[in-house]
1. First obtain the Kirkwood hydrodynamic radius of the stretch 123-180 from its Cα pairs, then insert it into the Stokes-Einstein equation at 20 °C and 1.002 mPa s, and state the resulting D in µm² per second as a whole number.
2. Å³ per residue of the Cα convex hull, for the chain?
3. As a footprinting exposure proxy, order 36, 108, 26 by other Cβ within 10 Å, with the fewest listed first.
4. Quickly work out the residue 3-to-residue 184 label distance, labels modelled 7 Å from Cα along the C-beta direction, and quote it in nm with one decimal.
5. Run the paramagnetic zone check for residue 22: 7 angstrom along Cα to Cβ, then residues of the stretch 191-206 with backbone nitrogen under 11 Å.
6. Return 9, 206 ranked ascending by Cβ neighbour count within 10 Å, so the fewest neighbours appear first.
7. So what does log10 I(q)/I(0) come out to for the stretch 1-119 at q = 0.10 Å⁻¹, using the Debye formula with one equal point on every Cα and no solvent?
8. Going 7 Å from the Cα of residue 108 along its beta-carbon direction, which residues of the stretch 38-60 have the amide nitrogen within less than 17 Å of the resulting point?
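Rule-based calculations on the coordinates, nothing more; no lab input. Predicted model only: the values in this text are computed from it and were never measured. Note that each Cβ is placed from the backbone with ideal geometry, even for glycine, and that neighbours are counted across all protein chains shown.
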Ligand code: GAR
């Protein structure tokens, strides 16, 4: 059977990209990363891809991009993706919102990683196993938001991407307790520690 091919969009350090590279290297994951696309040419994710001989398409995203520049960026990215004919696309710390027009041009599943708990129903409330509820945190600073809102618990979610940002069907999630003395760095470190195995387990379902 053909090994599924994966395109990864990433803006940041790329620790999750590295987790995928490592899982493939030890045959824990039967997948090929055929391309990494980034809006941040100097990012760790781009560096990790280059170090591992993975093709990279790094297109700088203009500051304060106009609608036309955003369309141009996405259109270039989609044309590049098309030429790699992936079976799956993953947004792994990709800090841009793709337009619904662009999403509709991608015919394979697109997954997104989110460093907070999101509910099954795309709503604004997450119900925990013990019946407590917390707000669904969305946006770019959700680890910090979990602390400033004094939540008892946060976590991470992997979901299918739909045009409504961070509201697509949930594929997997994991809870992370917030402990006294936590700051953004300590909490994010514990989220990453559960997020990476969750990502690999989720990707295995697409093998
Ligand atoms: C991950 O924690 C992912 O959940 C988050 O970015 C991080 C990327 O880390 N995604 C978002 O915040 C998307 N809004 P990495 O660059 O080290 O893999």
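1. Rounded, D is 176 µm²/s.
2. So the per-residue Cα hull volume is 130 Å³.
3. 26, 108, 36
4. Placing both labels 7 Å along Cα→Cβ, they lie 3.8 nm apart.
5. Hits in the stretch 191-206 for residue 22 at 11 Å: 193, 196-197.
6. Starting with the residue having the fewest Cβ neighbours, the order is 206, 9.
7. The calculated log intensity ratios at q = 0.10 Å⁻¹ are -0.29.
8. 38, 54-57
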